[in-house]
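All of the numbers you see were taken from the coordinates with simple rules; none came from a lab. Given the structure is predicted, the values throughout are model-derived calculations rather than measurements. A quick note on method: Cβ atoms are made from the backbone with ideal geometry, for glycine too, and the neighbour counts reach across all protein chains shown.
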Amino acid sequence: MNAQDLLKMFDGEALRALAPLMALTIGLLLVLLAGVFPLGRAVRSLLVVASLVVSGVLHANLLLGGKTPGTVLAGTFASTPTTAVWGVLFVLSTLFAWLYSVRYYEEDAPFKNEHDVLMLAAPIGMMLMAGARDLIVFFIGLELLSIPLYALAAFRRDRARSVEAGLKYFLLGAFAAGFFLYGSALVYSATGSLSLDMLSSESARAALATPMGLVGVALIAASVFFKVSVFPFHLWVPDVYEGAPTPVTALMATGTKAAGFAFLMSALVLLPVSTASTVALIAILTMAAGNFGALAQQDVKRMLAYSGIAHAGTLLLAVAGSIKDVPARDAAVQASLVYMAAYVATAAGAFGLLALLERDGSPTTLDSLKGLAQRRPYVAAALTLFMLSLGGIPATGGFLGKYLVFSVAVRSELTAFAIVGVLLSVVALGYYLRVIIAMYMQSPDANTVVGEPRPASGAATLASIVCAALVLATGVLPGWLLNLT
């Protein structure tokens, strides 16, 4: 490709499609330079927030401003209303995680600038994953997301659990990346293309049905399933979520999962219709592993980690439904967007509040939550709302998301799987209600470690209020979100 062809690729539409990514990239470089020059913490914080806000506004402009650019960069990247909604979710998940991190790092405060740079790099990878129309572009996005997260998970270098979490995530993530590349090589050998648009043709689908093509698709699916913590690639989640700094855990639980499912919804061309029941079975096994694993946990971070596994299984039911019934794909995409919008606000808020309690010196155990309603009533009330939303209680965003997902499964004639999924969601209430009971109906024991309440930062308070408002808005007034998606 010569220089003239390269310039043609970056025309006005391509620049418009890439504008949100460019805003984050420029912001990342400015934050990096701000760490070199003594510009002060306030200036660096302003640069982080401004980068995320500008990127979010550019995504909103693509969504609401009329015609979107469509497929650009020689068909390797797509900018559509769907990718714009995903982009807003990525920005929100990163912004919430950053707001909760403002006063979280005390021992590691000198390295906060590096933390902010890594956190700004992650959503760039998420956006590439969501808009990828080529397997190589997706892999670039996957690594651009994963490498910063490896470092962020091990950011608290003086704590063994944090280092262990980063090392586990890195080693297992490297294997998953290898699976993806080997699977892509097999798909290319079978079809002669890595473009999702080309792979949707009849000839390519016939080639994917060969043993080589099927193995390649299976390896790619395994890699993406690892990233979104789907059974049986979920075992890393509890240890990594528990050991990583809690604001980083919030980002991994929300943005990373959203990016993986954004690609899954656009990569369905790789999966034959006959795999729908298999994917639905994997979804049910994932829900069972997550919910029954969470029931046995005393640490709330580990409990929420298993809860995230269960939610990944629930969302995978929408993927199975869209494989089984092609006309239902629009409904499946909408269900995925609504579900993740509610989950981003709910999970980010829940992990963020745990980060506030850690700053008080309290461990993240159920025992340490006993009597929290008397010590910190507002924190307890917000955490109660997030637990109810995660459990899918009506009038919360979690209920709307689960209703849409199970509706897609029923419409796609996966009714038996939907019924089992609903029953497993009822099981989940067992451990969410334990948190509420501990906060309001139990008193701390004499040996329970309870930290002294410290004032929350303005950034963390703002993040909590916005998360709670979004959970209620999507549950009580869902029309705006349904119209938007």
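General observations
- Largest first, the extents of the alpha carbon coordinates of segment 41-159 on the three principal axes equal 47, 29, 17 Å.
- Segment 331-413, relative contact order [Cα under 8 Å, separation at least 6], %: 43
- Working from the Cα coordinates of segment 274-485, the gyration tensor eigenvalues give, after taking √(5λ), semi-axes of 33, 19, 12 Å in decreasing order.
- Helix axis angle, 12-36 relative to the chain longest principal axis, alpha carbon, degrees: 40
- For the listed residue pairs LYS168/LYS227; LYS324/LYS402; LYS168/LYS370; LYS112/LYS227; LYS227/LYS370; LYS227/LYS301, the alpha carbons are over 23 angstrom apart in LYS168/LYS370; LYS112/LYS227; LYS227/LYS370.
- Residues whose amide H comes within less than 5 Å of that of THR365, counting only those at least five positions distant or on another chain, are VAL300 (H built at 1.01 Å from N in the peptide plane).
- Relative contact order of segment 138-187, taken over Cα pairs closer than 8 Å and 6 or more residues apart, is 33 percent.
- Rh (Kirkwood; distinct C-alpha pairs) - segment 213-290, Å: 13.5
- Segment 142-217 and segment 77-91: distance between their alpha carbon centers, rounded to Å: 21
- For the chain: span of alpha carbons on each principal axis (Å, largest first): 70, 59, 42
- Volume per residue that the Cα convex hull of segment 116-234 spans, once the total is divided by residue count, Å³: 88
- Convex hull of Cα atoms in segment 290-415, direction-averaged projection (nm²): 7.8
- The relative contact order of segment 274-485, computed from alpha carbon pairs under 8 Å that lie at least 6 residues apart in sequence, is 30 percent.
- Treating each Cα of segment 268-358 as an identical point scatterer and summing with the Debye formula, the log10 of I(q)/I(0) at q = 0.13, 0.15 Å⁻¹ comes to -0.51, -0.64.
- Only DSSP H runs of four or more residues enter the estimate; each adds -39500 (n - 2.57), and after division by the residues of the chain the mean residue ellipticity at 222 nm equals -25000 deg cm²/dmol.
- Here the simple spin-label model places points 7 Å from the Cα toward Cβ, and for ALA473 and VAL36 these points are separated by 3.9 nm.
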